[in-house]
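Inspection log for the structure reproduced underneath, given as structure tokens.
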Amino acid sequence: MSSPPAAPRAPPTPVQIREANAHLAALHGRVAELERRLAAAEQTVRGQAESLIRKDRETRGALQRLREDKDREIATLEGKLLSSEEAAQKLLGLLQEKDALIAQLKHRSHLLTKICRSRPVLDNLLAYMAEGERLSPGPGSPSSSPDGGLFREANCALGLGSRDFSLCEDDLESGKSLFGTTV
């Protein structure tokens, strides 16, 4: 089925031409307005894009500065932590040394306390020994002395008029003192 042949058209009338021209003019004005609005929208979008790009750069720069500041602060804090740990280790070592010294001094204190408690007994023993020396027959005859010459054989020196004594002559010569005092 074929369509019927188109009927020849009659030429447009001047009113139709005027209406068509007015319609084209309105359409052209509308297109011009839309193009103007499109250009303004494109300009706005372009401005916003440039603004976003600029803000993005600024934000990236600020973030980079924050990272650098954070890294510097972390490095500083790590250095402080390391030096604090070293100082703590030194202090712990010093504390251990002091504890060892305190233990040693406590031991010495106990010994000195025992010596001080024993002092009257030692004084009596020295007095008895001095008395024994005075009763001995003489320095030239060790076999005739009551101690059988034990004091002389053991290198014991006992001063007769003194309360100080030593178990050997080397101690007398060196001038050493026990616990900071002469015994």
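The values are calculated or read from the model by the stated rules, or taken from the named source; none is laboratory data. Keep in mind that what you see is a predicted model, and the values were worked out from it rather than measured. Heads up: the accessible areas ignore ligands, DNA and RNA and are worked out on the full protein's heavy atoms, side chains in. Shrake-Rupley method; radii C 1.70, N 1.55, O 1.52, S 1.80 Å.
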For this session: Over the alpha-carbon set of the stretch 1-105, divide Rg by the Kirkwood Rh and report the Rg/Rh ratio to two decimals.
Result: 1.82
Problem set entry | Candidate lysines for bridging to LYS70, where Cα separation is under 25 Å - those fewer than 8 sequence places away on the same chain excluded | LYS55, LYS80
For this session: Ignoring everything but the protein chains, give the 1.4 Å probe accessible area of VAL45 in square angstrom, nearest 10.
Result: 90
For this session: Using a 1.4 Å probe and ignoring any ligands, DNA or RNA, find the accessible area of THR44 and quote it in Å² to the nearest 10.
Result: 80
For this session: Please give every one of the lysines within straight-line cross-link reach of LYS98, meaning a C-alpha to C-alpha distance under 23 Å, and leave out same-chain neighbours fewer than 8 residues apart.
Result: LYS90, LYS106
For this session: Quote the convex hull volume per residue of the stretch 45-104, based on C-alpha atoms, as a whole number of Å³.
Result: 41
For this session: Round to a whole angstrom and tell me the spacing of the C-alpha centers of the stretch 99-132 and the stretch 29-79.
Result: 89
For this session: On the full set of protein chains, 1.4 Å probe, figure out the accessible area of HIS23 and give it in Å² to the nearest 10.
Result: 120
Seminar exercise, completed: With a 1.4 angstrom probe the carbon and sulfur portion of accessible area for the stretch 35-77, in percent, totals 55
